[in-house]
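This report refers to the structure that appears directly beneath it.
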Amino acid sequence: MDQSKAPVLDALAAYHESRQTPFTPPGHKQGRGADPRVRAVLGEAVFRSDVLATSGLDDRTSSNGVLEEAQALMADAVGADHAFFSTCGSSLSVKSAMLSVAGPHEKLLVGRDAHKSVVSGLILSGIRPVWVDPQWEAELHLAHPPTAGAFEAAFAEHPDARGALVTTPTPYGTCSDLAAIAEICHRRGRPLIVDEAWGAHLPFHPCLPTWAMDAGADVCVTSVHKMGSGLEQSSVFHLQGDLIRPEVLKSREDLLGTTSPSSLVYAALDGWRRQMVEQGEALYDHALALAQKTRERISRIDGMHVHGRDDFCGPGRAADMDPLQIIIDISAWEVTGYRAADWLRDRHRINLHVADHRRISAQLTHADDSDTVEALLAALTAAHAAELRTGQPVEVPPPSRLRLEQAVLPRDAFFGRTEQVPWQEADGRVAAEMLTPYLPGIPAALPGERLTGDVLRYLRTGVQAGMVVPDAVDTEVTSVRVLREE
């Protein structure tokens, strides 16, 4: 296919040139009705290009096939059979994939380090999860993706599982052995879903980890806004093989998706694909070299340890890692990542990515350059442990005590009869909500899991030290929503 084309962008340009007069949504009518104070912040161009996908970019019946051509170009660019654009983020895309593989009360193997959007999919669908444990790094208090052997064992115990879902790369940049997991699934005629939200860039450079389609996955979900040039909420999910029918996947997306998709999101996705095909390898040559130099320089800052392959990859750990995720352990400073991240934002206007009880991270992409890196290094160099120390340690239990028993289906717990109890009284009760430190967005407790004092103290002391738990009814975790005991 002609990868120099950008059908959505071309249609948007044609719309402007034709000087059409819309009597359709959006009601701002290309910004004429928008408050000038809003236009001053967002810009005239945002409103001018915010037009309908049909009766706007395309005719009422979509006979020009603008979106279909753009999706076909995306699939061709990355070697998939089909690609689908989503303007509701990968949170929608991964739910669509799950509902294409399993139905209510059917089993799906799921890595327990899944993002909260996967848990939302379980709640909405009534799918019965069979949790596959990650590899817990006890010394670092960090989870690496589950091994292929863990999925093999789960299938042996649950041969009726309809498929498997794995998250890779993780927000920490660590990756599964996807080819081995795909082989295990396909030997049983079962599909593999990969939540590759942090890996939209992987197809475009040979020195990055193998991307899911090349490893044999059936569905791969990517968040182009995370590591690519897409706008927030832009996602693409890709399909290959014959274990999931494209019309089934499309119907599930149609069930969950918006009927008013954003042409702005479509256009940015379309342009990013062309940019990557034409310039991706050169852009990531530069990004990877910049990341290597940045890692070396941060490592020379006293008290900062930059995690690399020696820490994250090998037997009992991850199969690979994305070097663009720069994970910095500051535990030698006896300072939490939460406190350090807040300090860097307040004092130096540096916004970091993941922050946890002992780490901070900086995500580099093809957009970074020497100026952005110098600003990061200057801020990190200016940090002083004594100024950041709060005396509020997070009580992180051993990995074995972080794992909770799934006592009730997530759907049944979430929609069951509930009550709010003080956190000190929730030990042994069944959670009826997600309790998710964010970022990275991996729930510490799910609806249907039986809470323990260890996990409750971890969350409560974490909040006191700066952890954010935004999905809890009580975001301070002084109380917890649990199933009512009859």
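The values are calculated or read from the model by the stated rules, or taken from the named source; none is laboratory data. All of these numbers come straight from a predicted model, not from anything done at the bench. Glycine also receives a Cβ, built like all others from the backbone with ideal geometry; neighbour counts cover every protein chain displayed. To get the accessible areas, we keep the full protein, side chains included, count just its heavy atoms, and leave off ligands, DNA and RNA. Shrake-Rupley method; radii C 1.70, N 1.55, O 1.52, S 1.80 Å.
Looking across the range 396-437, the residues that are touching a Phe, Trp or Tyr at 6+ places or on another chain (Cβ under 8 Å) and assigned to a helix (DSSP H, G or I) come down to Pro399, Ser400, Leu402. Where helices (runs of 4 or more DSSP H) fall entirely within the range 1-113, those with at least 1 residues that are aliphatic (A, V, I, L, M) and in contact (Cβ under 8 Å) with a residue 24 or more places away in the chain are at 7-18, 44-48, 66-78, 89-101. Among residues of the range 283-304 being without any contact (Cβ under 8 Å) to a residue 40 or more places away in the chain and under 25 Å from the mean Cα position of the chain (by Cα), the one that is least open to solvent (accessible area, probe 1.4 Å) is Arg295.
Taking the criterion of being over 17 Å from Lys95 (Cβ atoms) and under 21 Å from the mean Cα position of the chain (by Cα), the only residue of the range 243-263 that qualifies is Ser262.
I need the full set of residues from the range 115-143 which are under 18 Å from Ile193 (Cα atoms) and either in contact with a strand residue (DSSP E or B) (Cβ under 7 Å, 6 or more places away or on another chain) or assigned to a strand (DSSP E or B) (or both), in order please. The answer is His115, Val118, Leu122, Ile127, Arg128, Pro129, Val130, Trp131, Val132, Pro134. Would you tally the residues in the range 305-328 being surrounded by fewer than 19 Cβ atoms within 10 Å (Cβ to Cβ), within 19 Å of His205 (Cβ to Cβ) and touching a strand residue (DSSP E or B) at 6+ places or on another chain (Cβ under 7 Å)? Qualifying residue count, the range 305-328: 2. Can you say whether Gln30 is touching a helix residue (DSSP H, G or I) at 6+ places or on another chain (Cβ under 7 Å), farther than 29 Å from Arg245 by Cα, open to solvent by 20 Å² or more (accessible area, probe 1.4 Å) and modelled with pLDDT under 95, as far as the supplied structure shows? In short, yes.
Could you grab me the full set of residues in the range 443-482 that are of a type in the set (Asp, Glu) and surrounded by fewer than 19 Cβ atoms within 10 Å (Cβ to Cβ)? Walk me through how you get there before you give the answer.
So in the range 443-482, the residues of a type in the set (Asp, Glu) come out as 449, 454, 471, 474, 476.
Asp454, Asp471, Asp474, Glu476, listed by residue number.
Is it true that Arg403 is under 30 Å from Asp427 (Cβ atoms), surrounded by 15 or more Cβ atoms within 10 Å (Cβ to Cβ) and either touching a Ser or Thr at 6+ places or on another chain (Cβ under 6 Å) or modelled with pLDDT of 90 or more (or both)? Talk me through it step by step, then tell me what you get.
Working: under 30 Å from Asp427 (Cβ atoms): yes; surrounded by 15 or more Cβ atoms within 10 Å (Cβ to Cβ): yes; either touching a Ser or Thr at 6+ places or on another chain (Cβ under 6 Å) or modelled with pLDDT of 90 or more (or both): no.
So Arg403 does not fit the description; no.
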